[in-house]
1. Using the Cα centre as the reference, give the magnitude of the dipole from point charges on the C-beta atoms of the chain (Lys, Arg: +1; Asp, Glu: -1; all else neutral), rounded to the nearest 20 debye.
2. Can you give the three extents of the C-alpha atoms in the range 278-357 along their principal axes, from longest to shortest, in whole Å?
3. With the Cα gyration tensor of the range 332-380 in hand, convert its eigenvalues to equivalent ellipsoid semi-axes via √(5λ) and list them largest first in whole Å.
4. Consider a paramagnetic label point 7 Å from the Cα of Asp175 along Cα→Cβ; state which residues of the range 133-157 have an amide N under 14 Å from it.
5. For Lys513, which lysines qualify as cross-link partners when the Cα separation must be under 26 Å and same-chain residues fewer than eight apart are set aside?
6. For the chain, what proportion of DSSP beta bridges, expressed in % and rounded to the nearest 5, is antiparallel?
7. Could you calculate the contour length gain from Asn243 to Lys255, that is, 0.36 nm times the residue separation minus the distance between their Cα atoms, to one decimal place in nm?
8. Can you work out the accessible area per residue across the range 215-301, with the rest of the protein chains kept in place, probe 1.4 Å, in square angstrom?
Amino acid sequence: MERVKFEELNICNEIKKAIADLGFEEPTPIQSNSIPFILDGKDVTGQAQTGTGKTAAFGIPIIERVGKDKEKGLQVLVLCPTRELAIQVSQEITLLSKYIKGIKTLPIYGGQPIDRQIGALKKGVQIVIGTPGRVMDHMRRKTLKLNNLKMVVLDEADEMLNMGFREDIETILKDTPTDRQTILFSATLPAAILEIAKTYQRDSKIIKVVQKKLTVPNTQQYYYEVKRANKFEILTRLIDMNNPRLSLVFCNTKKRVDEIVEQLQGRGYFADGLHGDLKQRQRDQVMDKFRNESIDILVATDVAARGIDVDNVDAVFNYDVPQDDEYYVHRIGRTGRAGRSGKAFTLVVGREIYKLKDIQKYTNTKIKLERVPTLRDVEEIKTGMLIEEVKKIIEENKLGKERRIIDKLLEEDYTSMDIAVALLKMVVGKQNGSEEIINDLDLKENFQKSDMARFFINIGRNQKIRPRDIVGAIAGDTGIPGNQIGSIDIYEKFTFVEVPKEYTKRLLQGMKKSSIRGKSINIEKANRRQ
C-alpha cells in the first residue's frame, strides 16, 4: 500500500493540529497502512514492534470517531497488558484530542483506588483504557457497562496472552456488542492471536509492517547483560575504558536524556543532551559544542539525533535498547565513518535480550556478548593510558621546568621512586571518591539474590491458580516487570511469591483490592521461615 501523509488522511483539522504539536512529520508505516482502514470502520489486525507508532495508529481514528459522534456514553475500550502502558496510551490520546472539546478519557488499572475510578466513570467518559484485571473488576461491580461499545482495541495482544490474560480478554469481548469494530495490535502473530482474531473479528484486514533488511557499517558491536540499577555505573566504566574522543549515548526518552546528562556532568564528564523539547537555537548550540569538541559526550533520543553528521565519533553507547530495529542501525551508523573504525555498546536488562536477538536478525550481524568490566579492569586500562602518556612526554623531551622541581626534591634526600609515586598518587587520587561506590556495585552484582522479599497470597491450587496468573496479576496491577518476579510456590490453599525488596510498597498497595482469576485476594509480607 502506498504511504499516505497526515494531511491526506480523512481526519479533522483539530487532530492534524495536535499531530503537528507532537512533532510527527509523517506517519510511520503501521500508521499509514492501518489508519485508513480503521477510519472506514473495518476490523484490523496489525503486526508491528513496540515503538513503531501503534498508539497513534488506533488513537487517531478513535478520536475522529468519538469527536464526530458527540455522544457522552462509553464508546471505546482499549485493553493494555500493564498499567504503565495504559497510562501512556491515555496520555497520548489526550494529547491527540486536546483541540476537540468534550472528549473524556480514563485509564483504569490496579494500584489506584477503585472508588476514584468509579467516581470518574459515573461522571461519564467516552474512552476507557484499562488492564484486563481491573476492567473485569468494574464489570463485576457493574460500574463499567460495555453494551453500547462501538470499538474495542487490544494493544500488545501477544504480551497480554503471555501474562495469562486470554480468559479475561475473551470474557470481556463476549460482553460487548457483536457489531463493534475490533482492532488488534501485536508485535507477533502466534496461533493464539490469530485464533482470537478469527473468533472475534469480522473480515479482518491483516497489516504486517515488513521492514527491509539493512546491513550495518563496519563497526565492532558488543552487548552487556546488566541490572537496571547498575546501568549508569557500567556506562561510565565503558566510557573510561574506551576513552573515546567523541561519543554518543542513546536513550529512549527525553526524561532519561536529562537524567543521564545530569549524572555525567556530576561525575565531571563534558556532556550535554539533545531531545525534542529543546528549541532549534538550543539544539544548534549543543551541536556546535559537540562538533568543536567542547563537549565529548552527546546524550540524545532517536528523533532528536536525526541529522547528526559528525565524522569523528569513536563510540556509540545504547543506554536503552532501541524499541525499533531500524533505530539500532541509525544509531550505530553514527560511528565508524569516513574510513575510521568505530565501536557500539548496548546495555541489556532482563527480557530486552529477546529484542536484541530480533535486532541481530534484522541487521544480519553478530553482536558479541562481553563480560561487565570490573573496577580492576578500569584501573588497568587507565594505568596503561597513563603510562603511555608519560612515555610520550619523556620522548618529546619537554621537561625543562619540571626537571628543576624534581632536582630540588632530590637535593632534600627524597628518592626518585618516592617522588614518582607521590606524583602518580596526585594524578589518580581524584578518582578515589567513586571507588567505594563501584566496589558496592560489585557486591550488588554478586549478591543480588539476597535482595528479594517473600509474600503470602491466600489462594492456591484449589482455585486453579497457575504461575502465569500470579505474574500477570502482579505485572498488570502494580507495573512490576514480569522478569523481576522471583520464585512462585503454589500450594493447595495459598501461594508464596518473591519480588525485589525495592518493590515491597508498590506490591502491597497495588494488590490491595486485586483479584486473580475472579477471586479476591489478600497479600501480605511472609515470614522468611514459611
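The values are calculated or read from the model by the stated rules, or taken from the named source; none is laboratory data. Remember, predicted model here, so these are calculated numbers, not experimental data. When we count neighbours, we look across all protein chains shown, and the Cβ atoms used for this are built from the backbone with ideal geometry, even at glycine. What goes into the accessible areas is simple: the full protein's heavy atoms, side chains included, and nothing from ligands, DNA or RNA. Shrake-Rupley method; radii C 1.70, N 1.55, O 1.52, S 1.80 Å.
1. Values: 88 positive and 76 negative charges, 469 e Å.
The dipole of the chain has a size of about 2260 debye.
2. Principal extents (Cα only, largest first): 38, 32, 19 Å.
3. On the way: eigenvalues 96, 79, 12 Å².
Semi-axis lengths for the range 332-380 are 22, 20, 8 Å.
4. Label zone hits: 133-149.
5. The reachable lysines, counting only those whose Cα sits under 26 Å from Lys513, are Lys104, Lys122, Lys123, Lys142, Lys145, Lys174, Lys464, Lys493, Lys501, Lys505, Lys525.
6. On the way: 14 of 63 bridges.
Of the beta bridges lying entirely in the chain, close to 20 percent run antiparallel.
7. Working: separation 12, 0.36 × 12 = 4.32 nm, distance 2.58 nm.
Result: 1.7 nm gained on full extension.
8. Values: 4320 Å² over 87 residues.
Here the residues of the range 215-301 average 50 Å² of exposed surface.
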